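The next block holds one structure in the form of structure tokens; read it before the comments.
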């Protein structure tokens, strides 16, 4: 990013808060960038001649006579094929020691796709993980977050999913990543020999939090270049969106906005939707799929961040440890893929959705039996069978370390039905029972 | 002369404008941004400063940009050609826009002005007419679209001339009317109406007295919605709000379906765009799209237009109602609209009400719901708008302002339960908490006696009682253990499970089960009640469980079979045999 020649330099700030500065200036437009004492800032409010700027790097030690220069344009990213394989910071500047990327300059946070021009997502994204493929099948053009407590291995699962997915580009938007996690992603991508198709925009925990606000738009501008201009299948990974939302609340707080639930800004829903809705299946074949991470506080999905996210995204993948099998599983109750029916029984086998529903319903019966057990009641024969089934179901299908094909997942489920239940107990359609039932040997 | 002004302040999409003349509340203005016109609406005036909410992104706007006020409020364009269209919240036609991305300041006309419509006069020269009276008719696909005296016309007019049958464009004059003062006014096939004002040109609005069939059992059987009635569906995310709404849009027995996608996911609208043209209307055999209008302001589209989208949808509904049509209006989700109101109220620095929502939220919601209803038109014909909105309560907690305000306004409550959704018991409409106030209307009770069978509502009440008793029994069993309660408790519980699995649960993705006609609902409810009326003699609770599981299984196979087909009858016989054992 370079400054223009003959710019007017302002040197009199009228107000400074922890995240913003205010000064008198003329001919300034909303959203345009400025440099305040060498730090990048963006116009967020104009009132007559008074202009308020949000300073991404924070306002520590900025004096009232700091130099301010305006750039006359909103944040932008240079896009070209040279983006592939590169690592950038929140401003789109290389952090891998390589040269700046030459290319067309595009404003980030651009307009949305006309809903009428979208296509219905229909391509399956297999991951090998049965908790996802069997119960919560992913489709290209989908947007879906992992809901996980901070101690769950969400970044590992996400990188696994990304590397197994059959996509042309993977774009990582890291917000508040620890340096260790950043290096984890870098090493994983390198190890898989996939660096050439990966583009990363990273804000680590040692960088100012407000900078994070630029990360999703940067990542998605790059994604749109490859998906729209190049008709490629692009997978965008955003981690951790909770830290992004925290940054939003910091800024709105400093701007004296009235907070809504959980001290989040009232516009949280729209702010998050603007990001997630960039996921799209385009008419010319390109697509943007977004897999994000939203960390939870002790599994609380009613907090404003996961709650608003759940209303926006097309489902969620809920990670938790299962004490019975000792594994980390994709929770079948709280997880959901809203687009699964676009591929289930169509791209996948005809018994997919029926097997999925039945296996989850029986798992729910096991949960009831477990409650009974905990309350000190005798278990009946059905309860015992449910509990045994649940343990095997969790180990062989729900655990995140499973890596098998969808047909194998379905066969495994039928095997478990036959092993633990009668045909009537499964409540499956007779037509399917005739074809797939596996009697216990 | 038009009032003009200059931008003086900008915070996101709230812009303050210094004006040089009179401006009206809710007046529309355009802000010039280097040749691109951004549409905005006045939401507050103080001195010579107007605060306007901009329907587009304000990126790049500067203090000093010029503004021109239009002298009218946000209006809908009403005329033939609305059916099957896809509009944004401001009624721009999405399908005629160029490019993959939405361009700022691109406004496309709602109706095709070149298309010729075959007009047939209905009024005669010399006839006295008032607003909304039918002057003529054009065939809009299958729908006899009435050309009416514009709603804005006050007083009585005399038809001076009326066009002969023939082909006309919507902008051609089809009638000349003379008002009481002797002035002549031209009438075309298109008129405009401010969306925030209800169209009131009808004779009267009686209490609803019919039910609207939806094919969804937990609605039709248990908590039916009246034609011209109102209902709402609150529920946490992932409980099946959208699937239920789509089922209603596909199956409901209505002439015109208007879907307002208000601040929700774009892919859900795409699903409608993609599937509706392919799907057949079960009542008429026509493509579903032929009766559908989509108003789409998805969550990433400008927030201010979200509010406009629900009003635009309601206005189009009122227009078709005035033609004597049965309209079903679905809005998903009214919470997003309320949030849009909150964002704006926040930027205006108004004192907030509960949870930061504006204090008049409740009255805004109830006056919107009040626009629905069954009406008798001036010529004796009837029309209706049935309105069902969804609500997305924060954290799934129903004790929040939008749900509470809506509860006061809507007569049917279809609460989606997280617990049922977790158990994959869909539709997850809670059978205990949900209600339909219409079951208490004597005219509805009478209608159902007539339409289904004498004493139907008593049967519905009894079914609800079985469900409640089953829930009580279940709690007792959980507290005292399987062996700690009499076997009759198990029987009670399993009878409610039978109702749950056979009547309440419905597979929205199964071709047959997804939609159940009312006579089939009657047959199944009678069958289930017959079973529930029996006193069984079980030796132990395990025998009871096994027996009822078998019954449930057979009944579900019946639900999956074509009504009264050979297969259906086979399962029915099997059930009879099972019942005769004891």
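Details
- Complete set of residues in the range B:160-191 that are assigned to a strand (DSSP E or B) and over 19 Å from residue B:79 (Cα atoms): B:160, B:161, B:178, B:184
- Of the criteria (1) without any contact (Cβ under 8 Å) to a residue 40 or more places away in the chain; (2) assigned to a helix (DSSP H, G or I), which one residue B:564 fails: (2)
- Within the range B:133-161, the set of residues being surrounded by fewer than 22 Cβ atoms within 10 Å (Cβ to Cβ), under 19 Å from residue B:179 (Cβ atoms) and free of Cβ contacts under 8 Å to residues at least 60 places away in the same chain comprises B:150, B:152, B:153, B:154, B:155, B:156, B:158, B:159, B:160, B:161.
- The single condition among (1) buried (at least 21 other Cβ atoms within 10 Å of the Cβ); (2) touching a strand residue (DSSP E or B) at 6+ places or on another chain (Cβ under 9 Å); (3) more than 8 Å from chain B (Cβ to nearest Cβ) that residue A:336 does not meet is (3).
- Residue match in the range B:206-217 (condition: outside the structural domain of residue B:26 (by TED's automatic domain parsing), surrounded by fewer than 20 Cβ atoms within 10 Å (Cβ to Cβ) and in contact with a helix residue (DSSP H, G or I) (Cβ under 6 Å, 6 or more places away or on another chain)): yes
- Here residue A:82 fulfils each of the conditions (1) free of Cβ contacts under 8 Å to residues at least 24 places away in the same chain; (2) in contact with a strand residue (DSSP E or B) (Cβ under 6 Å, 6 or more places away or on another chain); (3) more than 11 Å from chain B (Cβ to nearest Cβ) apart from (2).
- Residue count for the range B:84-110, restricted to those that are touching a helix residue (DSSP H, G or I) at 6+ places or on another chain (Cβ under 6 Å), free of Cβ contacts under 8 Å to residues at least 60 places away in the same chain and at the interface with chain A (Cβ under 9 Å from one of its Cβ atoms): 2.
- Single unsatisfied condition, residue A:314 versus (1) at the interface with another protein chain (Cβ under 9 Å from one of its Cβ atoms); (2) more than 27 Å from residue A:167 (Cβ to Cβ): (2)
- Single residue of A:219, A:162, A:192 found to be at pLDDT below 95 and closer than 24 Å to residue A:281 by Cα: A:162
- Residue check, residue A:357 without any contact (Cβ under 8 Å) to a residue 12 or more places away in the chain and part of a loop (DSSP other than H, G, I, E, B): no
- Residue satisfying all of: in the range B:268-288; away from chain A (no Cβ under 13 Å) and within 26 Å of residue A:281 (Cβ to Cβ); surrounded by the fewest Cβ atoms within 10 Å (Cβ to Cβ) among these: B:280
- Hey, residue B:257 away from chain A (no Cβ under 14 Å) and surrounded by 22 or more Cβ atoms within 10 Å (Cβ to Cβ) or not: yes
- The numbered conditions (1) surrounded by 19 or more Cβ atoms within 10 Å (Cβ to Cβ); (2) within 14 Å of chain B (Cβ to nearest Cβ); (3) in a loop (DSSP other than H, G, I, E, B); (4) in contact (Cβ under 8 Å) with a residue 12 or more places away in the chain are all true for residue A:350 except (1).
- Remark: residue B:399 falls outside the filter, which requires a residue to be over 30 Å from residue B:342 (Cβ atoms), outside the structural domain of residue B:539 (by TED's automatic domain parsing) and not in a helix (DSSP H, G or I).
- Among residues of the range A:107-154, those that are out of contact with any helix residue (DSSP H, G or I) (no Cβ under 6 Å at 6 or more places or on another chain), away from every other protein chain (no Cβ under 14 Å) and free of Cβ contacts under 8 Å to residues at least 40 places away in the same chain, counted: 1
- Subset tally (residues that are within 11 Å of chain B (Cβ to nearest Cβ), over 39 Å from the mean Cα position of the chain (by Cα) and part of a loop (DSSP other than H, G, I, E, B)) for the range A:419-441: 1
- Filtering the range B:65-77 for residues that are modelled with pLDDT of 95 or more and within 14 Å of chain A (Cβ to nearest Cβ) leaves a non-empty set.
- Options B:557, B:521, B:505: the member that is within 11 Å of another protein chain (Cβ to nearest Cβ), closer than 21 Å to residue B:431 by Cβ and surrounded by 19 or more Cβ atoms within 10 Å (Cβ to Cβ): B:505
- Selection count where residues are at pLDDT below 95 and either within 14 Å of chain A (Cβ to nearest Cβ) or buried (at least 16 other Cβ atoms within 10 Å of the Cβ) (or both), scope the range B:527-538: 2
- Answer residue from the range A:371-399, given it is within 23 Å of residue B:421 (Cα to Cα) and within 33 Å of the chain's Cα centre (by Cα) and is surrounded by the most Cβ atoms within 10 Å (Cβ to Cβ) among those: A:398
- Looking across the range A:273-291, the residues that are crowded, with 19+ Cβ neighbours inside 10 Å and more than 9 Å from every other protein chain (Cβ to nearest Cβ) come down to A:286, A:287, A:288, A:289, A:290, A:291.
- Criterion: over 28 Å from residue A:114 (Cα atoms) and facing chain B (nearest Cβ under 9 Å) - qualifying residue of A:260, A:270, A:249: A:260
- Residue in the range B:414-421 that is away from chain A (no Cβ under 14 Å), at pLDDT 95 or above and outside any loop (DSSP other than H, G, I, E, B) present: no
The values are calculated or read from the model by the stated rules, or taken from the named source; none is laboratory data. What you are looking at is a predicted structure, and each value in this text was computed from that prediction instead of being measured. FYI the Cβ positions are ideal-geometry reconstructions off the backbone, even for glycines, and counts take in every protein chain you see.
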